[in-house]
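The values are calculated or read from the model by the stated rules, or taken from the named source; none is laboratory data. Bear in mind the structure is a predicted one, so any value in this text is a computation, not a measurement. So basically every Cβ, Gly included, is an ideal-geometry build from the backbone, and we count neighbours across all protein chains shown. Side chains are part of the model used for accessible areas, which takes the heavy atoms of the whole protein and leaves out ligands, DNA and RNA. Shrake-Rupley method; radii C 1.70, N 1.55, O 1.52, S 1.80 Å.
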Protein chains: 2
Amino acid sequence: MRTDEAARVAAPDEAVSLDELRLAARNHGMPLEALRYDVTPIGMHYLLTHYDIPFVDETTWRLAVRGRVATPLVLDLAALRDFPAVERTVTLECAGNGRARLLPRPVSQPWLDEAVGTARWRGARLTDVLSAAGLSSDAVEVVFTGHDHGTERGVEQDYQRGLPVADVADVVLAYEMNGAPLPPQHGAPVRAVVPGWYGMAHVKWLRDIEVVAEPFDGYQNAVAYRERMSADDPGTPVTRIRPRALMVPPGYPDFMTRRRYVTAGVVTLTGRAWSGRAPVTAVSVSCDGRTWLPATLGPAADRYAWRSWSATWEATPGEYTLMARAEDETGVQPVDQPWNVGGMANNMTQRVEVVVRPPGGATT
Amino acid sequence: MRTDEAARVAAPDEAVSLDELRLAARNHGMPLEALRYDVTPIGMHYLLTHYDIPFVDETTWRLAVRGRVATPLVLDLAALRDFPAVERTVTLECAGNGRARLLPRPVSQPWLDEAVGTARWRGARLTDVLSAAGLSSDAVEVVFTGHDHGTERGVEQDYQRGLPVADVADVVLAYEMNGAPLPPQHGAPVRAVVPGWYGMAHVKWLRDIEVVAEPFDGYQNAVAYRERMSADDPGTPVTRIRPRALMVPPGYPDFMTRRRYVTAGVVTLTGRAWSGRAPVTAVSVSCDGRTWLPATLGPAADRYAWRSWSATWEATPGEYTLMARAEDETGVQPVDQPWNVGGMANNMTQRVEVVVRPPGGATT
């Protein structure tokens, strides 16, 4: 495998490149005001496509299930729908979320805070499909292959990811999103949904499931999605989502700077928090970076769906940087950046710049 | 009106700023492979929101129709649906499309080529609603106001646009997009659709229609959407869409550079072309920037919907910059940039970088 073009890190004063802008114009985050929805409407959910969005005819689509199984299967959409259907509400987050806020900045899809969304995914349980095929006792990983094709740092590939057999219990082979057939951009006709894991595991436009007896060493597992501290560090695999809270930016924005304007008084701050590692136990907010006030958590939702939170802020005139951070039993979100070469699985605390105006005062 | 912060133009060597990246992460273009669809699926249509996406309760939503009319109206959604429904397939394009390809670069939403999409819009005819209210004989413009609120170069505002009465004939007050209720991000519950005009005219989250007896001088008409050659040039208003063709990038991409890889042989190039000024009469393609070959136009569609085209390319190994350009009776797309301060209504020809490999040759 050619991996001679390592992921690049921008110089400390290097601004965003045309390559990064091209990716930002194609892929998109979730506008943070959409944190108000339990389930993100189609078109506001974040979306990252490594190559092109392929166009798969659902009438000729087939899913092969093969490798270390007793009976290889080839399923069409009707056959997949014949398995018992499950529906899970799941929060997906890109492993690169927050990357463009790191210093120095890893050069890739330049996410700020918005690479997240929550959807209702309906489909067949992977475990039911694997049971029908008869999993061999020496099965170690399940390799998902999509129809999307391209090159990445010199390696031509269909998008592929291996997932340990120990982690398949919750996986859904989803053919519906929010009660409708999957939209093309979210993997039509069928994608993998791996609740609790960062987005790279949820292979879209699924065409092949191969059960293998050794850990998969394809590009996306062995090269791309790893936390490394230097280019020659083999690093550790990116797996489950670290805890994160995001706030609906209060008040209204300036078009160009996105700075927020709020009128002094009691302001209710709201948002969502999630973790793929353990249930969120607390969210706290700060308007000065020193003192943290506990937020009130909303009702617990599906284990891998985000949870609402709210907090009250007595806003007095001035300029503030609001922060919110989530906590689970594995830890609390860091205020300082947790840097790595690829900017992967970084959950640095959100910062929202707010100007509080006196009541009836000047608007800007 | 404070307009003391004029639109900024980047220095010739100035890279993309964090402000521009924030906008690119929120707003999104249409991935160009979606040019294959007659009607763009929800979630792939381009989207520009000046401020935040507001959340409007359709059960309490009302539309005021007032000003120079005989009988002011207040319509709820049922009342609007009582007017005869029309459905139009309309291509929308942002007036800033292509802005980030200009040199020097106007600093605003940094679009490359993708700020376009086509949808089926269903709703009431504005002319029917104005007839019900009784248009006064001194009516000059119709001012649309949305629920979206923010500041722009120091001016706090609800998003507002005036449209000359002479141009209202085709306007739809749309409550459905592609056969379903408008999604929140496209203006739910009702938006204006002004076929043939750039996106700034299609006011979303509509709450008020005021008929006025003088040209409207609000920010979006008088300051923002103008073609100016310098900061103190009053310029001319941005109105109807100039002709443009876009090509589906052939082959497959590299993740980071978006460069395309194609195998040598006969390649069918396909795309769409549109103009809000006059019907598209021709599309031509070039692989060397000097010779232009005519493309074949597909069937004519709705007057303001894009039209398909295709062309055959005998690709031989090498590196190419492919171009496509559209023509209508008002002119042909320029290969060199048509620059202005805001980067408005620029229709510079698309360029697609392609590497053609020999059959069976190295992949990258």
* To do: Round to the nearest 10 and report in Å² the accessible area of residue A:216, as given by a 1.4 Å probe over the protein chains' heavy atoms.
  => 50 Å²
* Structure fact -> Taking the dipole of chain B about the Cα centre (Lys, Arg +1; Asp, Glu -1; charges at Cβ), the one of B:18, B:346, B:262 that reaches farthest to the positive side is B:262
* With the convex hull built on the Cα atoms of segment B:269-334, state its orientation-averaged projected area in nm². => 4.5 nm²
* To do: Could you let me know the centre-to-centre spacing of segment A:37-114 and segment A:253-301, using Cα atoms, in angstrom?
  => 28 Å
* Asked: Can you tell me the accessible area per residue over the protein assembly as shown, all protein chains present, probe 1.4 angstrom, in square angstrom?
  -> 37 Å²
* To do: Report the one residue of A:337, B:273, A:181 whose Cα lies farthest in the direction of the positive end of the charge dipole of the protein assembly as shown (charges on C-beta: Lys and Arg +1, Asp and Glu -1; origin at the Cα centre).
  => A:181
* Asked: From the backbone phi of segment B:169-178, what are the Karplus-calculated ³J(HN,Hα) couplings (6.51 cos²θ - 1.76 cosθ + 1.60, θ = phi - 60°) in whole Hz, Gly and Pro given as x?
  -> 3, 9, 5, 10, 8, 8, 10, 10, 10, 6
* Structure fact -> Among the Cα-Cα pairs of segment B:21-156, the proportion with separation greater than 22 Å, in percent, is 56 percent
* **Whole-number D in µm²/s for segment A:9-63 (Stokes-Einstein; Kirkwood sum over Cα pairs; 37 °C, 0.692 mPa s)** => 225 µm²/s
* Using only C-alpha atoms and all pairs of different ones, pull out the Kirkwood radius for segment B:117-265 in Å with one decimal. => 17.7 Å
* Given C-alpha coordinates of segment B:213-346, what is the ratio Rg to Rh with the Kirkwood estimate of Rh? -> 1.06
* Asked: For the protein assembly as shown, what percent of Cα pairs sit more than 32 Å apart?
  -> 54 percent
* To do: Provide the gained length on full extension for the span residue A:11 to residue A:167, in nm with one decimal, where the gain is 0.36 nm per separating residue minus the Cα-Cα distance.
  => 52.4 nm
* Structure fact -> Short to long, in 10 Å steps from zero, the percent of alpha-carbon pairs of chain A per bin is 5, 23, 32, 24, 11, 4, 1, 0
* Asked: Going toward the positive end of the dipole of segment B:69-182, with +1 on Lys and Arg Cβ and -1 on Asp and Glu Cβ, which of B:143, B:85, B:96 do you reach last?
  -> B:96
* **Dipole magnitude of segment A:270-324, debye to nearest 20 (Cβ charges: Lys/Arg +1, Asp/Glu -1, about Cα centre)** => 320 debye
* **Rounded to the nearest 20 debye, dipole of chain A from Cβ charges on Lys, Arg, Asp, Glu** => 780 debye
* Quantify, in whole percent, the carbon and sulfur part of the accessible surface of the protein assembly as shown (1.4 Å probe; protein heavy atoms only). => 51 percent
* Asked: If you build the Cα gyration tensor of segment A:125-199 and take the root of 5 times each eigenvalue, what three semi-axes come out, in whole angstrom, biggest first?
  -> 22, 19, 11
* Structure fact -> Unit-weight point scatterers at every alpha-carbon of segment B:236-291, Debye formula, q = 0.22, 0.26, 0.31 1/Å: log10 I(q)/I(0) is -0.99, -1.12, -1.27
* To do: Would you please give the residues with an amide H less than 5 Å from that of residue A:135, counting only those at least 5 places away or on a separate chain, with H modeled from the backbone geometry?
  => A:70
* Asked: How would B:270, B:91, A:296 rank on accessible area, largest to smallest, probe 1.4 Å?
  -> A:296, B:270, B:91
* **Accessible area (Å², 1.4 Å probe, nearest 10) - residue A:127** => 40 Å²
* To do: Taking the Cα centre of segment B:236-301 as origin, work out the dipole magnitude from +1 charges on Lys and Arg Cβ and -1 charges on Asp and Glu Cβ, in debye rounded to 20.
  => 260 debye
